[in-house]
Amino acid sequence: MADPQPELSALLRALADGDWHSGEQLAMRAGCSRAALAKRVARLKRDYALDIAATAGRGYRLAEPLDPLDAEAMRDALRARTDTVTVLDTVDSTNRWLLDAPPSADPQVCT
């Protein structure tokens, strides 16, 4: 399943460290306007229930840093058991996703 909101995922990864990030730099990196970036921040707040501070002259930051799931680190830890580790930002059901995945890839991990 493809990530339905890749622009939100990229923004969340950029903010994950909890440090201040310039809105201008975030917008430039995302290839969007500052207004579009502000809308993405609002969507992150709403859709992911995140506390994101916005301060003129400083930019944006998460109130608490996040430690996002890392599919490669999980693959390394599970190498003896499975080569198929999938990390999804959003999914309606990990069980449904695994049931729909090709059995040839079993055993699999989905978070």
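Every number here is computed from the coordinates shown, using simple stated rules; none is lab data. On a predicted model such as this, the values are computed, not experimentally measured, just so you know. With ideal geometry, Cβ positions are generated from the backbone for all residues, glycine too; neighbour counts draw on all protein chains shown.
A few remarks follow.
- Of all residues making up region 21-63, the number that are in contact (Cβ under 8 Å) with a residue 24 or more places away in the chain, among the hydrophobic types (A, V, I, L, M, F, W, C) and on the phi > 0 side of the Ramachandran plot: 0
- Out of T111, T84, one residue alone is in contact with an Asp or Glu (Cβ under 8 Å, 6 or more places away or on another chain) and among the hydroxyl-bearing types (S, T, Y). It is T84.
- Residue count, region 27-46 (criterion: more than 23 Å from L88 (Cβ to Cβ), surrounded by 12 or more Cβ atoms within 10 Å (Cβ to Cβ) and aliphatic (A, V, I, L, M)): 5
- Within region 49-75, the set of residues being exposed (fewer than 15 other Cβ atoms within 10 Å of the Cβ) and of a type in the set (F, W, Y) is empty.
- Unique match (being within 15 Å of the chain's Cα centre (by Cα), touching a residue at least 60 places away in the same chain (Cβ under 8 Å) and closer than 22 Å to T111 by Cβ) among T90, T86: T90
- Residue check, T84 of a type in the set (S, T, Y), surrounded by 13 or more Cβ atoms within 10 Å (Cβ to Cβ) and in contact with a Ser or Thr (Cβ under 9 Å, 6 or more places away or on another chain): no
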